[in-house]
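Novice: Next up is a structure, given as structure tokens.
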Amino acid sequence: MAYKRKRRTVTLEFADEQGEFAGLEVEVASLPLGEFFKLSKAVSKDDVTEREMEMLLGTFARSLVSWNVVEEDGTPVPANYDGIMIMDLDFVLKLVDAWLKAVSPPDPGSDLGKGSPSGKPFPGAPVTMEAL
């Protein structure tokens, strides 16, 4: 029997939940590693080309699972590339930034996992492996 891979989804979180993004819910899929590296390389440059921006937005659109964005008249904005293209640039860039942070591996310099009270060292000597 084969392992069936299922893409992980995450709900984006915004620091400004009481202000501009109050009530916003955005669910996105994680990125395949190859796409993550391409996007990371493109967005880490100071001069992102139009082609790279289109690649970034297209990849984000394909990863967008759902959102609760509506127009001022209450019309739902589709959670796809067309929906992204009718939104303000600063709004979309904030979403993309939150998405990339959510699917990025933790910074090696962070304190993640340090000082965890969840376990004690294994008692006794470590098990050694020998060739038979």
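Novice: When each pair of different Cα atoms in segment 1-73 is counted once in the 1/r mean, what is the Kirkwood radius in angstroms, to one decimal? Each step should come with its number before you reach the end.
Specialist: On the way: mean 1/r = 0.0685 Å⁻¹.
Result for segment 1-73, one decimal place: 14.6 Å.
Novice: Applying 1/(1 + (r/R0)^6) with R0 = 25 Å to the Cβ-Cβ distance of E25 and M85, what FRET efficiency is obtained, to the nearest 0.05?
Specialist: That pair, E25 with M85, gives E of 0.75.
Novice: For R7 and L93, FRET efficiency with R0 = 22 Å and r from the beta-carbon atoms, rounded to 0.05?
Specialist: On the way: r = 23 Å, r/R0 = 1.06.
Given R0 = 22 Å and the Cβ-Cβ separation, E is 0.40.
Novice: Let me ask something else. For segment 1-89, with every protein chain kept in place, what is the accessible area per residue (1.4 Å probe, Å²)?
Specialist: Value for segment 1-89: 74 Å² per residue.
Novice: Mind scanning K4/K94; K45/K101; K6/K94; K6/K41 and naming the pairs with a C-alpha gap bigger than 23 Å? Don't jump to the answer; show the numbers that get you there.
Specialist: On the way: K4/K94 33 Å; K45/K101 17 Å; K6/K94 26 Å; K6/K41 25 Å.
Check vs 23 Å cut-off fails for K4/K94; K6/K94; K6/K41.
The values are calculated or read from the model by the stated rules, or taken from the named source; none is laboratory data. Because the structure is a prediction, the values reported are computed rather than measured. Note that we place each Cβ from the backbone using ideal geometry, even for glycine, and neighbour counts take in every protein chain shown. What goes into the accessible areas is simple: the full protein's heavy atoms, side chains included, and nothing from ligands, DNA or RNA. Shrake-Rupley method; radii C 1.70, N 1.55, O 1.52, S 1.80 Å.
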